[in-house]
1. Counting only protein chains, not ligands or nucleic acids, how are Arg76, Arg38 ordered by accessible area (probe 1.4 Å), most first?
2. Can you pull the one-decimal nm distance between simple spin-label points at Thr169 and Asn141, each 7 Å off the Cα toward Cβ?
3. Quick one: among Thr145, Thr169, Thr74, which has the greatest mean-square fluctuation in a GNM of the chain with alpha-carbon springs under 10 angstrom?
4. Multiply the residue separation of Asp90 and Leu160 by 0.36 nm, subtract the distance between their alpha-carbon atoms, and state the gained length in nm to one decimal.
5. Label the chain by shape, choosing from rounded, prolate and oblate, from the square roots a ≥ b ≥ c of the eigenvalues of the Cα gyration tensor; if a/c is under 1.5 it is rounded, and otherwise prolate applies when a/b is larger than b/c, oblate when it is not.
6. Quick one: pull the percent of accessible area on region 7-143 belonging to carbon and sulfur, 1.4 Å probe, ligands and nucleic acids left out.
7. Quick one: of the DSSP bridges fully inside the chain, what percent are antiparallel, nearest 5?
8. Scan around Gly168 for amide H atoms under 5 Å from its own, H built in the peptide plane at 1.01 Å from N, and keep only partners 5 or more places away or cross-chain.
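The values are calculated or read from the model by the stated rules, or taken from the named source; none is laboratory data. What you see is a predicted model; the values in this text were computed from it and never measured. Here Cβ is always computed from backbone atoms with ideal geometry, including for glycine, and neighbour counts include all displayed protein chains. The protein model used for the area step is the full one, side chains on, heavy atoms only, and it has no ligands, DNA or RNA in it. Shrake-Rupley method; radii C 1.70, N 1.55, O 1.52, S 1.80 Å.
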Amino acid sequence: MEDLNSRYGLNQAHSEVVQACHVVKPCGALDMGCSSGRNALYLSQQGFEVTAIDANPQAIATLQSIVDQENIQTIRPQVYDIQRAALQADYGFIACTVTLMFIDAARIPAVLADMQQHTLPGGYNLIVCAMDTPEYPCPMNFPFTFKPNELSTYYQGWELVKYNEDLGTMHNGARLQFATMLARKPQ
Ligand SMILES: C[S@@+](CC[C@H](N)C(=O)[O-])C[C@H]1O[C@@H](n2cnc3c(N)ncnc32)[C@H](O)[C@@H]1O
């Protein structure tokens, strides 16, 4: 299969998106904070029907241009502010990788509740987000970071297919913990 990410100078899909595809079967998916679409392109090549949303119109224009050039029928790029917490459809898979930390902390409960509400029964949420912990204070000035065990408490009643708060490294070398979760909504 041709690698569209390389062709358009995009990074490879986030490793957690790739791993999630070993569990989540192709379905209607939402890529929240898609940027130029590295994950959306991967998901579409795996057979998902992807709605790809980002607040940055330039990122959405870049992805739209790739979609047009490649005549991809299975990605719908849309400018959308996640902070609205007003999704308009239901999805089998919602992926939100390294994006929640850019959201106003006061909007996080509403955003997570909206994601959960718009996940189909038996569907999945994938979240990767920076943390701020006593052991590893977040060295970046993000508007939002998770505290220890905070993300899992939002997902009580869901099956935590994967959950960890492991140490990771940003592109700039900063060391911090990330909350990583693949959770399945009850049927
Ligand atoms: C670090 S990038 C992550 C991109 C992608 N999820 C990935 O894994 O490569 C964060 C993205 O979140 C988007 N973003 C930040 N705040 C947003 C908001 N309020 N609504 C929608 N997108 C937002 C940014 O424009 C940016 O494209």
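1. On the way: Arg76 135, Arg38 70 Å².
My answer, sorted largest first, is Arg76, Arg38.
2. In this crude spin-label approximation the distance works out to 2.5 nm.
3. Thr169
4. Values: separation 70, 0.36 × 70 = 25.20 nm, distance 2.00 nm.
Difference between extended and current length: 23.2 nm.
5. On the way: a/c = 1.57, a/b = 1.29, b/c = 1.21.
It is prolate, given that a/c is not under 1.5 and a/b is the larger ratio.
6. On the way: 2950 of 6060 Å².
Result for region 7-143: 49 percent of the exposed heavy-atom area is carbon or sulfur.
7. Working: 15 of 35 bridges.
Rounded to the nearest five, the antiparallel share is 45 percent.
8. For Gly168, whose amide H was placed from the backbone, the distant partners under 5 Å are Leu176, Gln177, Phe178.
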